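Q: Attaching a single structure in structure tokens format; questions to follow.
Since every read-out is calculated from the coordinates, none of them should be taken as a lab result. Predicted, not measured: the structure shown is a model, and the values here were computed from it. A quick note on method: Cβ atoms are made from the backbone with ideal geometry, for glycine too, and the neighbour counts reach across all protein chains shown.
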Amino acid sequence: MNLLLYEIGGWFGYLQRPSVVVQLLGWLAIMISLHLALLPHWRRSPIRFEALKLGLILMWSALLGLLGQPFALALFFAGLQGLWILLEAFRVLLLRHWEPRVVQSVYTQVIKPAFFLVAALGLIRRLDNLNDLAVIPLGIYFGTAINLGQLFTAAATLYLLVTASGLPAIWLAWLLQRSLGISQSGRRALELMIRYMLVGIGILLVIDHLGIKGNAILAIAGGLSVGLGFGIKEVFSNFVSGLWLLVEGSVRPGEVLFIDGDPCEVRSLGLRAAVLWRDRDNAELVIPNQTFFTNTTTTYTGSDSLRRSQVLVSAAYRHDPEAVVELLEATASGCTRVLAEPAPKALLLGYGDSAVNYAVRFWIANPMDNIGICSDVAQAIWHAFKAKNIEIPFPQLELRAKPSPGARPGPEQTGARPPSKPTHP
Amino acid sequence: MSPLHPITTTRLAAALLALAAPLALVAACSAPNNQATQELAGTVYLYIGLSPDYLANQTQDEHIRSLLGRFIKDFRLIHPRVGVQLLFFPEEEVQGEVTRRNRTGLGPDLMLVNGSSAMAMHLAGQTRTVPVPEAISFQVEPAMLNSFRSGKGLTALPVFSQPQVACYDRKQIKEAPKTLEALLKVSAQGAPIGLPLEPVDLYWTAGGFGATAALAHLLQPQGASAPWQELTPADHAGLLRWLNWLDQAGGQQRVNFYGSTDDLLSGLEKGDLAWIACRSRHLVRLRREMGSRLGVSPLPSGPEGTASPIARLRVWAFGRDSSPEQRRISQALAEFSVNPLVQRAATLSSDDALPVNRFVDVPVTSSRVLAALQKGMAQSEAYNLFNVNLLEGDPRESILRDVLTSMIFGAADGPQSSAILIRRLSQRP
């Protein structure tokens with residue numbers, strides 16, 4: 001590590017050279033002064049602003065060249081500036097075809113880190129010898145001597161696998177879905193499993209690349225098992241639960257689960273927790289995978305995505321129950337989002353204090369639409385009852401006070417609400 | 001077009017401050033050293049050109065890094081405020097790397113390269129001439145300095161030499177052959193012999209047949225002012241004898257030619273070869289792999305004279321991008337390396353190179369290896385062969401390689417190859 005710090009410290013020795021200082025100063029002056037003081041109105045158009053910087057750096061390089069001074073360092077910065085502009089233009093182009101969220105994700109996770117990596121390696125390549133830097137020893141870990149090059153390659157491989165394995169995984173899962181005819185949620189599960197597999201293979205390759213010996217891995221595993229027993233049991237339990245749930249298929253992205261009385265859609269199943277979306281208030285619930293593994297889970301998308309729903313309604317005693325039942329079934333069938341098959345079914349549930357209680361049960365295709373469809377059906381029933389003069393009675397309660405002995409007989413006492421003629425609301 | 005915004009005082013002040021900050025930093029970093037005390041301070045960038053076989057072998061690579069590390073450590077005992085950054089490159093890539101880096105101003109201050117590379121870089125204007133004090137240059141073998149003199153200065157300063165010798169397996173050959181005839185006899189008796197295909201490494205065989213005069217004539221430096229003259233009959237005869245011998249050797253069952261030095265060395269290490277022509281810089285690797293099996297001797301002579309190996313000179317070449325302080329440090333470092341004490345210590349500790357300081361006594365009586373190296377160096381000196389006839393990347397080297405390769409693999413015989421060689425090399429570029 002000392003050697004690495006010595007090497008890095010040595011790069012500053014180039015500042016002893018006027019020719020290097022002049023190139024750096026010119027570049028710094030252009031970058032900083034434009035950003036801080038000059039021409040703020042240019043900054044409204046990022047590409048134009050960057051292009052202005054590029055033009056000035058190129059002019060600075062040309063001037064140095066004309067004066068017979070070294071200029072390739074300034075030109076290198078111009079090259080980076082040009083690349084940055086190209087990437088910005090490419091981003092604008094992508095935004096026309098892709099969702100902003102996806103473009104943002106690709107840029108922050110892949111393209112920008114790649115740019116900074118290229119810039120850093122390019123600069124180091126000019127200041128030092130990458131091959132020499134790569135063989136700088138960092139120490140002996142797990143019985144294996146690790147150098148900077150190995151560590152860099154390992155880190156870059158893992159980062160690339162974690163961030164860039166998404167697209168190949170999506171493509172492979174789509175291909176398998178097409179060829180095997182698996183469901184949409186199955187495809188999403190497959191995507192995740194392919195990503196885990198790619199990252200797993202990457203980790204094995206990295207271990208192999210670093211030359212870590214098998215017995216060292218066993219030692220790590222031994223240490224981990226102790227760690228698992230105490231500190232990270234829950235983390236590991238959640239990870240294994242997540243994998244198991246994916247294989248089992250009970251909690252997969254796209255599934256609809258009943259959480260605390262609300263239907264929620266599974267958005268993602270991560271290493272530690274699942275993220276569910278609740279339609280009612282647009283909330284995202286982060287639930288540890290272990291919860292699904294140990295608790296009972298109600299799902300509407302297990303074998304199919306149909307849901308049977310119902311609306312409760314009351315009608316006055318004077319109406320013929322058969323007519324009411326028939327009307328309820330017809331009304332529910334008339335709602336667009338209620339499935340015709342299985343057909344809606346109305347039932348007389350019982351005799352209440354003020355009315356006869358009915359229920360109309362019907363099937364819907366999307367469990368997440370339940371509340372909205374119930375509302376539609378309830379409104380349709382209101383209109384149908386009004387049209388057929390079927391009364392939905394208010395609850396009526398009659399209280400009679402028993403006269404106490406010796407009390408003067410007085411007028412009858414009724415409930416809080418005086419009896420009224422039932423009307424439609 | 002939006003209206004122009006006036007530059008506010010605050011913004012202007014911020015910009016000036018932003019400019020002043022890096023300026024101050026840079027000024028602090030590049031502040032001139034205290035000249036009154038003459039104390040050297042700063043960082044210099046030292047490029048090391050390594051042969052491909054060095055880079056391919058970890059033992060050799062570690063050896064050179066360790067040697068240089070020790071040398072720099074000693075230098076820093078005297079100049080503790082000096083930092084030295086080492087950058088290693090394959091020898092054939094050094095020139096390209098210097099060209100590229102000179103354009104950025106990030107070129108080397110000092111380069112440890114072969115004499116031929118240093119000459120090529122100087123011809124290309126990539127190195128500078130250094131006024132080495134007489135007290136220093138006086139200590140270096142004059143024959144080695146001749147090629148690097150330029151006016152009152154030196155284009156490069158030799159630091160050590162790597163002569164060519166014979167390396168053999170003592171288990172297979174009890175005593176090293178002293179003549180080329182004996183070498184072929186040893187081969188006929190069943191000992192496999194390995195010879196290099198590279199002209200620079202095969203040149204040693206020419207001396208034994210009196211072909212060096214012809215080759216020196218044909219391989220005159222490109223800028224030679226003397227008009228081209230035909231070879232004398234004696235030169236013709238010498239050249240023909242040499243090529244005939246190579247042709248004959250190529251036909252021997254147990255004489256093999258190798259294009260790769262690494263293959264040649266591996267063959268000896270594994271016992272597949274009993275005798276090879278090697279360079280002193282390979283001894284570290286061979287010693288580690290073969291132990292006491294390794295024998296080292298001078299190269300065998302021929303009927304017309306002694307062997308004519310081209311000794312590689314390792315020299316310091318001085319970069320052009322250095323600041324005045326870096327120039328001082330580079331020169332001090334180079335001069336320190338030819339100090340008799342440093343030269344002697346390096347020779348004794350490495351046992352694979354010879355000093356250039358003529359006042360350093362090489363302990364030939366106590367070391368058979370150093371004695372063989374000394375003899376190899378004397379053979380080179382006799383022919384004035386310090387790696388300067390064939391410049392790095394010189395097209396004539398590839399012509400010589402093509403002709404020799406064709407003959408050794410049976411495409412032409414000795415007389416045909418002689419005619420082709422004379423015809424092609426006499427066409428001055």
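Q: Can you tell me, using C-alpha contacts under 8 Å and at least 6 residues apart, the relative contact order of chain A as a whole percent? Spell out each step's value before the answer.
A: Values: 472 pairs, mean separation 34.1, N = 425.
Over chain A, the number comes to 8 percent.
Q: Tell me the Rg and the Dmax, in Å, that the Cα atoms of the range A:307-387 produce.
A: Final numbers for Rg and Dmax: 12.2, 37 Å.
Q: Would you grab the residues whose amide H sits under 5 Å from the one on B:Gly83? Only those 5+ places off in sequence or on another chain, please, with H modelled 1.01 Å from N.
A: Excluding prolines and chain starts, which carry no amide H, the hits are B:Gly42, B:Thr43, B:Val44.
Q: Add +1 for every Lys or Arg and -1 for every Asp or Glu among the other residues with Cβ under 11 Å from the Cβ of B:Val360, and state the total. If you can, show how the numbers build up before the last one.
A: On the way: positive: B:Arg344, B:Arg358; negative: B:Glu141, B:Asp361.
Overall, the nearby charge balance is 0.
Q: Continuing with this model, one more query. Over the range A:79-220, what portion of Cα pair distances is larger than 22 Å, expressed as a whole percent?
A: Values: 5823 of 10011 pairs.
Every Cα pair in the range A:79-220 considered, those over 22 Å come to 58 percent.
Q: Taking a cut-off of 15 Å between Cα atoms, list the aspartates and glutamates near B:Lys171, but don't count ones fewer than 8 places away on the same chain.
A: The reachable aspartates and glutamates, counting only those whose Cα sits under 15 Å from B:Lys171, are B:Glu269, B:Asp272, B:Glu289.
Q: Can you run phi through the Karplus equation (6.51, -1.76, 1.60; θ = phi - 60°) for the range A:356-365 and list ³J(HN,Hα) in whole Hz, with x for Gly and Pro?
A: Per-residue couplings from phi come out as 8, 8, 10, 9, 10, 10, 8, 10, 10, 7 Hz.
Q: Let me ask something else. For peptide B:85-94, what's the mean number of Cβ atoms from other chains within 10 Å of each residue's Cβ? Show your work: numbers first, answer last.
A: Details: counts 11, 5, 8, 4, 3, 1, 0, 0, 0, 0.
The shielding value for this peptide is 3.
Q: Per residue, how much space in cubic angstrom lies within the convex hull of the C-alpha atoms of the protein assembly as shown? Walk me through the intermediate numbers first.
A: Working: hull volume 288.4 nm³, N = 854.
Cα-based convex hull of the protein assembly as shown, divided per residue, equals 338 Å³.
Q: Taking H as built 1.01 Å from N, whose amide H comes closer than 5 Å to the amide H of A:Tyr358, not counting residues under 5 places away?
A: Correct list: A:Val313, A:Ser314, A:Ala315, A:Leu349.
Q: Additional query: In whole Hz, what ³J(HN,Hα) sequence does the range B:183-195 give by Karplus (6.51, -1.76, 1.60; θ = phi - 60°), x for Gly and Pro?
A: 4, 5, 5, 4, 5, 5, 7, x, 8, x, 10, x, 10
Q: Here's something else I'd like to know. Using a Förster distance of 56 angstrom, determine the FRET efficiency expected from the C-beta separation of A:Leu349 and A:Ile111, and round it to 0.05. Present the calculation step by step, with values, prior to reporting the outcome.
A: Numbers: r = 61 Å, r/R0 = 1.10.
Working from the Cβ atoms, E equals 0.35.
Q: Return the long-range amide H neighbours of A:Ile259 (sequence gap of 5 or more, or a different chain), with a cut-off of under 5 Å between placed amide H atoms.
A: For A:Ile259, the qualifying residues are A:Cys264.
Q: Also: Between B:Trp316, B:Pro108, A:Val377, whose Cα lies farthest towards the positive end of the dipole of the protein assembly as shown when Lys and Arg beta carbons carry +1 and Asp and Glu beta carbons carry -1, centred on the Cα centre?
A: A:Val377
Q: Please report the spacing between the Cα centers of the range A:186-223 and the range B:145-171 in Å, no decimals.
A: Here the two parts' Cα centres lie 53 Å apart.
Q: Further, regarding this structure: For every other residue with a beta carbon closer than 10 angstrom to the beta carbon of B:Gly414, add +1 if it is Lys or Arg and -1 if Asp or Glu, then tell me the sum. Kindly include the intermediate steps, with their values, before the conclusion.
A: Numbers: positive: B:Arg241; negative: B:Asp247, B:Asp413.
Value of the local net charge: -1.
Q: I've got another one for you. Taking the Cα centre of chain B as the origin, how large is its charge dipole in debye, to the nearest 20, when only Lys and Arg (+1) and Asp and Glu (-1) carry charge on their Cβ atoms?
A: Numbers: 40 positive and 38 negative charges, 148 e Å.
Computed about the Cα centre, the dipole is about 720 debye.
Q: Which one of A:Leu167, A:Ile217, A:Ala355 has its Cα pushed farthest toward the positive end of the charge dipole of chain A, where Lys and Arg give +1 and Asp and Glu give -1 at the Cβ?
A: A:Leu167
Q: In debye, nearest 20, what is the charge dipole magnitude of the protein assembly as shown about its Cα centre with +1 on Lys and Arg Cβ and -1 on Asp and Glu Cβ, if you could check? Before the final figure, lay out the partial values.
A: Working: 75 positive and 67 negative charges, 279 e Å.
Around 1340 debye, computed over the protein assembly as shown.
Q: What dipole magnitude, in Debye to the nearest 20, does the range B:132-218 give about its Cα centre under +1 on Lys/Arg Cβ and -1 on Asp/Glu Cβ? Walk me through the intermediate numbers first.
A: On the way: 7 positive and 7 negative charges, 32 e Å.
Here the size comes out at about 160 debye.
Q: Between B:Gln189 and B:Thr232, with labels modelled 7 Å along Cα→Cβ, what's the label distance in nm to one decimal, could you check?
A: Label-label distance for B:Gln189 and B:Thr232, simple model: 3.8 nm.
Q: What does the convex hull of the alpha-carbon atoms of the range A:233-299 project to on average, in nm²?
A: Details: hull surface 15.7 nm².
The directionally averaged projection comes out at 3.9 nm².
Q: Same structure, new question: Please give, to one decimal in nm, the separation of the simple spin-label points placed at B:Glu304 and B:Ala13, each 7 Å out from Cα toward the Cβ.
A: 8.7
Q: What are the ³J(HN,Hα) couplings of the range A:280-285, residue after residue, when phi is run through the Karplus curve with 6.51, -1.76, 1.60 and θ = phi - 60°? Round to Hz, x for glycine and proline.
A: Here the 3J(HN,Hα) series is 3, 10, 6, 8, 10, 9 Hz.
Q: Still on this structure: Ignore the peptide's own chain and count Cβ atoms of other chains within 10 Å of each Cβ in B:100-110; give me the average, rounded.
A: Values: counts 3, 6, 3, 8, 13, 17, 12, 4, 0, 3, 0.
Mean shielding count: 6.
Q: Between the range B:267-325 and the range A:272-307, how many Å separate their Cα centres?
A: Going from one Cα centre to the other spans 74 Å.
Q: Let me ask you something else. Kindly give the semi-axes, whole Å and largest first, of the ellipsoid equivalent to the range B:285-366, taking each as the square root of 5 times a Cα gyration tensor eigenvalue. Please report the intermediate quantities before stating the final value.
A: Values: eigenvalues 211, 61, 40 Å².
Taking √(5λ) for each eigenvalue gives 32, 17, 14 Å, largest first.
Q: Here is a further query. Please give the Cα centre distance for the range B:69-140 versus the range A:96-158, rounded to the nearest Å.
A: Using only Cα atoms to place each centre, the spacing works out to 31 Å.
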